[in-house]
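What follows is one structure encoded as structure tokens, with my remarks underneath.
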Amino acid sequence: MINNIKGLLTEDEEIIYAARIHWIVFVPCIAYTIIGLLVGVFFHAVIGGLILLMTLYPLYNAIVHYTMTYLVLTNKKVLARMGFLSRDWIQMAFERIENAHLLEPIVGRFLGYSSVIVSGVGTGTIAIPSVINGDHFIKELEAYLDENRQEQKPQDFSEIVPELKRAAVR
């Protein structure tokens, strides 16, 4: 994972936090498998086998989501990678990030997962469900956003006023 992401980074960029997907994505597959086995044993073997066969598609989706989804925070941007056959890379620089928030269900609070949503100004949204410790990712991101915004703020309005006066005269 890290080798794929390092190829997208500039020389002065470093990875601060790399979030992974929680194992909870496999729970529906496990439930479908149990239902298929119970139907196959207690009701009809062919129908149970059909249910088990239909479980392969959600299992494929869960495996791809678990192994191929990355959410990475660097010292300059947020990167997200999703997909296997058709991959999506989303990069959002700190200057373009408007806000970041967390959707944490009750079960997610107990098991340690949540959905991370990073919204950008004119660049869209990065939404990654079932992230392990998404609150840590959001805290790290907010800390870096605060640092980045404080570096960009002018120190004194006296620096800006002459520029505004010149612009108003033109």
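Do we have LYS77 as among the basic types (Lys, Arg) and in contact with a helix residue (DSSP H, G or I) (Cβ under 9 Å, 6 or more places away or on another chain) here? Here the answer is yes, as LYS77 does meet what is asked. Within region 106-126, being open to solvent by 60 Å² or more (accessible area, probe 1.4 Å) and either within 24 Å of VAL27 (Cα to Cα) or in contact with a Leu (Cβ under 6 Å, 6 or more places away or on another chain) (or both) holds for ILE106, VAL107, ARG109, PHE110, LEU111. If only residues of region 7-17 that are closer than 14 Å to TYR144 by Cβ and open to solvent by less than 70 Å² (accessible area, probe 1.4 Å) are counted, the one that is farthest from the chain's Cα centre (by Cα) is GLU13.
Take PHE110 and tell me if it is out of contact with any strand residue (DSSP E or B) (no Cβ under 9 Å at 6 or more places or on another chain), over 28 Å from GLU147 (Cβ atoms), touching a residue at least 12 places away in the same chain (Cβ under 8 Å) and among the hydrophobic types (A, V, I, L, M, F, W, C). No: the conditions fail for PHE110. Listed by first and then second residue, the pairs linking a residue in region 42-68 that is of a type in the set (Phe, Trp, Tyr) to a residue that is assigned to a helix (DSSP H, G or I), with Cβ atoms under 7 Å apart and 6 or more places separating them unless they lie on different chains, are TYR66/VAL25.
Listed by first and then second residue, the pairs linking a residue in region 79-105 that is over 15 Å from VAL116 (Cβ atoms) and basic (Lys, Arg) to a residue that is assigned to a helix (DSSP H, G or I) and open to solvent by less than 90 Å² (accessible area, probe 1.4 Å), with Cβ atoms under 8 Å apart and 6 or more places separating them unless they lie on different chains, are ARG87/MET68.
The values are calculated or read from the model by the stated rules, or taken from the named source; none is laboratory data. Here the structure is a predicted model, which is why all the values come from computation and not from measurement. Neighbour counts run over all protein chains shown; Cβ positions are idealised from the backbone, glycine included. Just so you know, the surface numbers come from the protein's heavy atoms only, side chains and all, with ligands and any DNA or RNA stripped out. Shrake-Rupley method; radii C 1.70, N 1.55, O 1.52, S 1.80 Å.
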